[in-house]
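Notes for the one structure printed next.
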Amino acid sequence: DKLEIKIFETRDEMGKAAAEDIAAAIKAMLSEKPEINMIFAAAPSQNDMLLHLCEANDIEWERINAYHMDEYIGLNPDAPQCFSNFLKTYIFDLKPFKSVNCINAGAADAWAEAERYAKLLEENPVDIVCMGIGENGHIAFNDPHVADFNDEKTVKIVELDEVCRMQ
């Protein structure tokens with residue numbers, strides 16, 4: 001009964017509306033806390049939202065610690081396929097974040113890198129997650145048939161496919 005669905009004519013309109021909602025959430029949280037932690041997803045579905053979010057001139061980016069959601073393993077850190085590089089192009093290198101924290105795709109020990117990143121997130125609880133939901137319902141690399149989506153935490157903003165956004 002709390003789900004609100006909005007339908008947009010274009011991806012750009014959807015991205016702009018999502019960016020406005022995210023900017024409002026950022027400002028509200030920063031009015032209560034000295035800094036916040038945000039996770040960003042790397043996918044073409046995020047392009048319009050990231051573009052419009054970067055246009056927001058009244059966000060105190062220097063009070064935001066940025067993280068990214070997922071990554072391939074075994075890639076050279078400079079590989080264009082790295083999700084961290086996607087986010088560097090679309091937001092991380094464009095805004096003066098307090099910190100940008102990335103998963104090292106080229107780490108020699110993937111398990112150790114996963115543990116390092118998990119500990120970092122545990123020590124810095126996430127306030128906002130900007131993510132998409134794939135056509136088959138996947139979130140990051142978690143497909144519905146193997147993932148546990150019973151997390152009790154509130155998702156702040158979710159973009160759903162190309163025609164609507166829910167909050």
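The values are calculated or read from the model by the stated rules, or taken from the named source; none is laboratory data. Because the structure is predicted, anything quoted here is derived from the model rather than measured. Cβ placement follows ideal geometry from the backbone for every residue including glycine, while neighbour counts extend to all protein chains displayed. Heavy atoms of the whole protein, side chains included, go into the accessibility calculation; ligands, DNA and RNA do not. Shrake-Rupley method; radii C 1.70, N 1.55, O 1.52, S 1.80 Å.
Odds and ends about this structure:
- Per residue value of the accessible surface for segment 29-137 (all protein chains in place, 1.4 Å probe), Å²: 53 Å²
- For segment 4-70, the Kirkwood hydrodynamic radius from C-alpha pairs, put into Stokes-Einstein at 10 °C and a viscosity of 1.306 mPa s, yields a diffusion coefficient of 125 µm² per second.
- Under 5 Å, built H, 5+ apart or other chain: amide partners of Lys6: Arg165
- Computed about its Cα centre, the charge dipole of segment 5-134 is approximately 40 debye, with only Lys, Arg, Asp and Glu carrying charge at their Cβ.
- Across segment 101-116, computed HN-Hα scalar couplings (Karplus, 6.51 cos²θ - 1.76 cosθ + 1.60, θ = phi - 60°) run 10, 10, 7, 7, 4, x, 4, 5, 10, 4, 5, 5, 5, 4, 5, 4 Hz from first to last residue, x flagging Gly and Pro.
- Nonlocal amide H pairs with Ile133, under 5 Å, H built at 1.01 Å: Glu159, Asp161
- Hz values of 3J(HN,Hα) by residue in segment 35-43 - Karplus curve (6.51, -1.76, 1.60), Gly and Pro given as x: 7, 10, 10, 10, 10, 10, 8, 10, 6
- For segment 1-106, the tally of Lys pairs with Cα-Cα distances below 19 Å comes to 7, considering only residues 8 or more apart or on different chains.
- Accessible carbon and sulfur surface of segment 1-82 relative to its total accessible area, %, 1.4 Å: 53 percent
- Karplus-derived 3J(HN,Hα), 6.51/-1.76/1.60, for each residue of segment 69-85, Hz, glycine and proline x: 6, 7, 7, 6, 10, x, 8, 5, x, 8, 4, x, 6, 5, 5, 4, 5
- The dipole here belongs to segment 55-106: it is taken about the Cα centre, uses +1 on the Cβ of Lys and Arg and -1 on the Cβ of Asp and Glu, and is about 120 debye.
- Other-chain or far-sequence residues with amide H under 5 Å of Ala43's (modelled H): none
- Protection proxy ranking, peptides 7-14, 125-132, average beta carbon neighbours within 10 Å, highest first: 125-132, 7-14
- Here r is the Cβ-Cβ distance between Ala79 and Ala28 and R0 is 45 Å; the resulting FRET efficiency, rounded to 0.05, is 0.75.
- Taking a ≥ b ≥ c as the square roots of the eigenvalues of the alpha-carbon gyration tensor, segment 62-138 is classed rounded because a/c is under 1.5.
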